[in-house]
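Peer 1: Below is a structure I'd like to ask you about.
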Amino acid sequence: MQERIETVALEVPFAVSIDGAFCDVLSCTPRDLEDLAFGYAFAKGVVKGPEDVAGIVVSELGECYGADVHLREGLRLNRGAPLGSSREATRTKGSLAALPPYFPAHMVHLPDGEPFARQAVWRAAEGLAARQRMHRETGATHAAAFVDRTGGFVCMREDVGRHNAVDKLVGALSRAGVDPRDGFAYLSSRCALELVNKLARFGVALVATVSAPTSAVLDYAVEANVTLAAFARGNRFTVYTHPERIS
């Protein structure tokens, strides 16, 4: 038996409020918290862009953290309904009543666009590990990255929670004014339905992941016109939906 010093990932409570109204407590890595608070508000349908936010105040109380998202003048949180309960839709056929019950409330249908080179996905898969500093040190974090059409990394966020990592990424991209059509997302986690939905609502049409999708996320991606490239490791990946977006 040998003693050694290990680096452990921080995981702390993070309370999110909107205009002073408490919303939720997340368990997260305590960094990029403004991005996380914005991404949470976006994922819940409270804000659509940085123009809806007047400011974000992050506070620290011992080992706990909090953030209050202040909405722009004229925009108010509906305190009588649960966050995310509204149903938004843009679609080309059918009706929301016909959708399976596991479809997210915020359904979208993304437009077609210029296809992505498969080499860009390969470069993203090859380059992620070198950028995952927290994962290298702890082995306990997920990463969500936005990659341009050449495979270059534009932005990456890490967190102990995969949903937090995506919320942080969407928050960072939206606050920086990045056009989601200029690249794609690469996730170190499983190709989960809610993660793809969050990215699609932001406008990301191609989502590449290290691991596999489920039947629910495939059904969603077909309806939302999102390309899923799973098992993206090294110089290979499997395209499950809308392969026309990969050249």
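The values are calculated or read from the model by the stated rules, or taken from the named source; none is laboratory data. Here the structure is a predicted model, which means the values were calculated and not measured. Glycine also receives a Cβ, built like all others from the backbone with ideal geometry; neighbour counts cover every protein chain displayed. These area figures cover heavy atoms from the full protein model, side chains too; ligands, DNA and RNA do not enter into them. Shrake-Rupley method; radii C 1.70, N 1.55, O 1.52, S 1.80 Å.
Peer 1: For Ser59, state whether it is small (Gly, Ala, Ser) and free of Cβ contacts under 8 Å to residues at least 12 places away in the same chain.
Peer 2: yes
Peer 1: Which one of the conditions (1) touching a Ser or Thr at 6+ places or on another chain (Cβ under 9 Å); (2) within 21 Å of Lys48 (Cβ to Cβ); (3) of a type in the set (A, V, I, L, M, F, W, C) does Ala172 fail to meet, given that it meets all the rest?
Peer 2: Failing condition for Ala172: (1).
Peer 1: For the range 192-205, give me each residue that is of a type outside the set (Lys, Arg), assigned to a helix (DSSP H, G or I) and surrounded by 18 or more Cβ atoms within 10 Å (Cβ to Cβ). I'd like the intermediate steps shown before the answer.
Peer 2: Initial filter on the range 192-205 (of a type outside the set (Lys, Arg)): 192-197, 199-200, 202-205.
So of that shortlist, the ones also assigned to a helix (DSSP H, G or I) come out as 193-197, 199-200, 202.
Listed by number, the residues that qualify are Leu193, Leu195, Val196, Asn197, Leu199, Ala200, Phe202.
Peer 1: Quick check on this structure: which one of Ala208, Ala221, Ala232, Ala216 is open to solvent by less than 10 Å² (accessible area, probe 1.4 Å) and in a helix (DSSP H, G or I)? Lay out the reasoning, then the answer.
Peer 2: Working: Ala208 fails: in a helix (DSSP H, G or I); Ala232 fails: in a helix (DSSP H, G or I); Ala216 fails: open to solvent by less than 10 Å² (accessible area, probe 1.4 Å).
Result: Ala221 is the single residue among Ala208, Ala221, Ala232, Ala216 that is open to solvent by less than 10 Å² (accessible area, probe 1.4 Å) and in a helix (DSSP H, G or I).
Peer 1: Next question. Could you check the range 161-188 and list, in sequence order, the residues that are surrounded by 20 or more Cβ atoms within 10 Å (Cβ to Cβ) and assigned to a loop (DSSP other than H, G, I, E, B)?
Peer 2: Ser188
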